Structure formats: C-alpha cells, structure tokens
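Working notes, structure below.
The values are calculated or read from the model by the stated rules, or taken from the named source; none is laboratory data. Model, not experiment: these values are computed from the prediction. All Cβ positions, even for glycine, are placed from backbone atoms using ideal geometry, and neighbour counts span all protein chains on display.
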Amino acid sequence: MVRSAGVGFVRACVVLVVSALVPAVWASAVLIAIWWKNPWTWFAPLVWAVVGTGLLLRPVCRMARSLVARWTGAVIPAGYRELGAVTQLSTGYWWNGYSYERSRRDAEKDLAMRVRWTDPANWRDLRFAAILAMTAGLAAAVPPAGIVVAVVGFAQAKPVIGVAGLVVAVVSSPYAWRAFGPVALRFLRPTSSMALVNRVEELTAQRADATIAQAAEIRRIERDLHDGAQARLVALGLSLATAEKLMETDPRQAKALLREARVGAATSLSELRELVRGINPPVLNERGLVDAVRALAMDSPLETSVAAEGELRLDPPIESAVYFGIAELLTNAVKHARASHAQITLVLDSTGIVATVEDDGQGGGSVAPGGGLAGLQRRLTAFDGSLEFSSPVGGPTRARMTVPCESL
C-alpha cells in the first residue's frame, strides 16, 4: 500500500505539473496585463501567451503520450502533419509547395513554419490541454493538497486536520493520476478527419513511389534487353545471313558461323530466362512462396535456414513483394553485414504474413532515406505492410516484414 501510494503520489504530481503548464502561461499573461494597468498593454501579453502556448503545446502533448505509453502501455499516434520535400527548379529557386525561396534552408524553414502553424492538430492539442487541466489535473491535485493540509495542520497544532490530510493523500494517491490515461486516449489521438487526411497523403505518396518504381523497372528491363538479348539476336541474324551467303562458296566457314549462331541463341535464351526470373520467378508461381524462398536460400552464399509453417499460398503480388524483400535482405547481409549465417522465418498469423530475416553479421545498418531498405519499406506500405529493422553495432541484424493478407 505504501509503495503504491508513493508511486501514485509521484505520478499525480507529474500529471499536475503537465496539466498546469499551458494554463500557467495564460494566467501569467493576464497577471502581467493587470499589473501594467494599461488597456493598451493587454495586446503584448496576450500575444506572448498565444505564441508561448503554441510553442509549449506540442512538447506537452508529446510528454503526455510518453507518460501514457510508459504507465499504461497504450500508444497514442501523434497525427501531426509531416514535412514535404523541397525541390530545386531550373531557375535556381527552391519550391516547398507553398512558396519559392532562394536557398534550400529558407525553403525548409518556411515549410516547417507553415506546416507547424496550420496543422489542425494544434486545435486538438489546445483542447486536450484545457480538458486535461479541468479533469485529470484537478484529480491529480488531491494528493498534493492533502500533503499541504497535513503539513499546515501539524504545524498549527491541529493533529486531527493533519491526520485527515495525510489520510486523504495516502488513500487518493494510487488513483488520482488514473484519469490521465483515459483523457489522453480520448482527446489526444488524431480525429477521423486528421486520420483521413493522413491516409490520403500516404496513398498519394504510395502512388508516386509505385509510379517511380514501375518506371525504374521498365528502364531496367529495356536496358537488359538492349545490352543483352537484343544485341545477341542482332548478331545471330547477321551470322545466319553471312552463313547463307557462304553456304555455296565456303561450307566450312558457313558451318562455323552456324555453330556460333547456335551458341548465341542458347546464350540469348538463357539471358531471357534470367530476365523473366528477375521479373517473376517461375518457382514462385509453380510451387509457392515457401519453396521459392527455400530455393533462394540454396542459391545464397550464406548458410541459410528456412522455417515455415506448412504451405503458404498468398495473392501473387504479396508473394512477389515478400519474396523480393527477403532477397534484398539476404543480399544486404552478404554485401554489407559480412554475415556467415542467416535464418528466415515465415509465419501466417491473424494479422497476415510475417517474414523475419536474421543474420549474424556485424550490424550497424539503418533505414536511410533513399536507400534500399527505405524502398523496401515503401513497397510494403503499398500493401499496408510494415518493416521493423533492428541492427545494433556488433549484430545481429533482424528485419521483420508484416503484410496483412489471408491464405488462399
């Protein structure tokens, strides 16, 4: 009981401080205006109060989310607008989606200010601060008030009042802070309109990423065809035309050209098969994801083991995304992590397909913007999937891909 009361008292004091920060800014502004005793001087303190509240709201709400997650385990999404990208135009100016600036720094600074002060989440945070002060803040004030009453009562030789205040503080401490969690969960989470706006922005970004990835894949296929199979087929045609002309005059040379043409045709066929395999592996269509991953593990230079629960047959696009994601993670383990062993796990649970790739490499990897892992994350996001990546220095590296789906 004593320990519970002590923990509760500390948490109640923290909630009281957090809930009083924003109202304290406004109260101090009003007191300053009253102290100056000049109607025209109300403007400056109120401006200070508005600006101070705007700068203080977001840190206070972040603190509230952190406390709720630590004390109750409930995670509240922030729901703030994300900063977009700035691009440099051919004129040399930088465009941030709102204005043209002479430098990248000015464009990013202007974008951050516009997004920060026009974010609808500011009104949500202000509403949360007001409701928090009137509900959880008042409840959290009971234990400190009981302590104050107890101190005053004992100091003025009024033991009955002192004991009553102490009892109120001890009894209310384990419960006084508990209103903080429900209030934060109710009023601090993103509203439906904010969630809809974020979802639209996310889908727009996914569409742009899919378009870019598709264009890059088409360019790769065209380059491979132009540099490989197409060049060999052109040479094959020339060899056959020359052999046709030499058939009557120099049969030996014509036969040599035909042999070269046959080798070139076999090589072209092999290159075309490799190209098709890179687009959509035949083993993935014929035998499913598990066998395709096992075949991939056998071709890997790492000692790779695969663990899967039975046969998993998913929609072809999802199978392809998971397969190429595993292939990229294995490639990274070979090229960057200097690993010697990798473990692949495939599990279909209530949330969807979960693919985990873990290696014993040196670690130190991260999801860098514009990197391969960031691209993999974007591809999984197109299916409402996610990538969890952990790679501490010294290893091991662990990547967990999750894609919502059902087995066919």
(request) State all residues of region 330-375 that are over 17 Å from SER300 (Cβ atoms) and in contact with a strand residue (DSSP E or B) (Cβ under 8 Å, 6 or more places away or on another chain); if no residue qualifies, say none. (result) VAL347, LEU348, THR351, GLY352, ILE353, VAL354, GLY363, GLY365, SER366, VAL367, LEU373
(request) May I ask you to say which residue of ALA205, ALA210, ALA176 is at pLDDT 70 or above and not charged (D, E, K, R)? (result) ALA176
(request) Would you check if GLU358 is in the same structural domain as ALA297 (by TED's automatic domain parsing) and in contact with a Pro (Cβ under 7 Å, 6 or more places away or on another chain)? (result) yes
(request) Determine, yes or no, whether LEU284 is at pLDDT 75 or above, among the hydrophobic types (A, V, I, L, M, F, W, C), within 32 Å of the chain's Cα centre (by Cα) and assigned to a helix (DSSP H, G or I). (result) no
(request) State whether the residues of region 387-401 include one that is in a strand (DSSP E or B) and of a type in the set (Phe, Trp, Tyr). (result) yes
(message) From the list ALA164, ALA157, ALA150, ALA112, exactly one residue is out of contact with any helix residue (DSSP H, G or I) (no Cβ under 9 Å at 6 or more places or on another chain), free of Cβ contacts under 8 Å to residues at least 40 places away in the same chain and either under 22 Å from GLY79 (Cα atoms) or part of a helix (DSSP H, G or I) (or both). Which is it?
(response) ALA112
(request) Take the residues in region 38-92 that are charged (D, E, K, R) and at pLDDT 85 or above, then tell me which one is farthest from LYS109 (Cα to Cα). (result) ARG70
(request) Specify the residue that is modelled with the highest pLDDT; the eligible residues are those in region 367-384 that are under 14 Å from LEU329 (Cβ atoms) and part of a loop (DSSP other than H, G, I, E, B). (result) VAL367
(message) Being in contact with a helix residue (DSSP H, G or I) (Cβ under 6 Å, 6 or more places away or on another chain), part of a helix (DSSP H, G or I) and in contact (Cβ under 8 Å) with a residue 60 or more places away in the chain narrows it down to one residue among ALA129, ALA74; which is it?
(response) ALA129
(message) Looking at ALA121, ALA184, ALA107 in this structure, which one is surrounded by 16 or more Cβ atoms within 10 Å (Cβ to Cβ), in contact with a helix residue (DSSP H, G or I) (Cβ under 6 Å, 6 or more places away or on another chain) and aliphatic (A, V, I, L, M)?
(response) ALA184
